[in-house]
Amino acid sequence: MTHWKAQTYIAPGHVMVRELDGEAVLLDLNEEIYFGLDEVGTRLWTILSTSASVETALDTLEAEYDVSREVLENDVASLIRELVARGLLEPVGTS
């Protein structure tokens, strides 16, 4: 099993993302449910969706925010779990 920090994640095709004033709104077109991300969550979403792995995204975020690596990893893991559970994010290479 792939370690979570080595994993790459993408938005499924049924998820539409729009940024508004530094925050993002994710729309699950299948369920017709909106999910909002604050400014930090939006930055995470942007970095996560363009990084080779969660580890790379964590490195970038650690350089940008004044937060310990442990707190950052916990917060990122929590957001990833929530987005995956809601069907708004999925790991690449799994079916």
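The label-point distance for Leu29 and Ser49, in a model that sets each label 7 Å from Cα toward Cβ, rounds to 1.3 nm.
Subtract the Cα-Cα distance of Val92 and Ser78 from 0.36 nm times their separation in residues, and report this length gain in nm to one decimal. Kindly include the intermediate steps, with their values, before the conclusion.
Working: separation 14, 0.36 × 14 = 5.04 nm, distance 1.81 nm.
The Val92-Ser78 span can extend by a further 3.2 nm.
Under the convention that each Lys and Arg Cβ holds +1 and each Asp and Glu Cβ holds -1, the size of the dipole of the chain around its Cα centre is about 360 debye.
Among Leu83, Leu20, Leu61, the largest mean-square fluctuation in a Gaussian network model of the chain (Cα springs under 10 Å) belongs to Leu20.
With neighbour counts taken as other beta-carbon atoms within 10 Å, the residues Glu82, Glu90 rank, fewest first, as Glu82, Glu90.
None of the figures in this text is laboratory data; all of them are computed from the coordinates on show. In this text, all values refer to a predicted model and were calculated from it rather than measured experimentally. Note: ideal-geometry Cβ built from the backbone for every residue, glycine included; neighbour counts use all protein chains shown.
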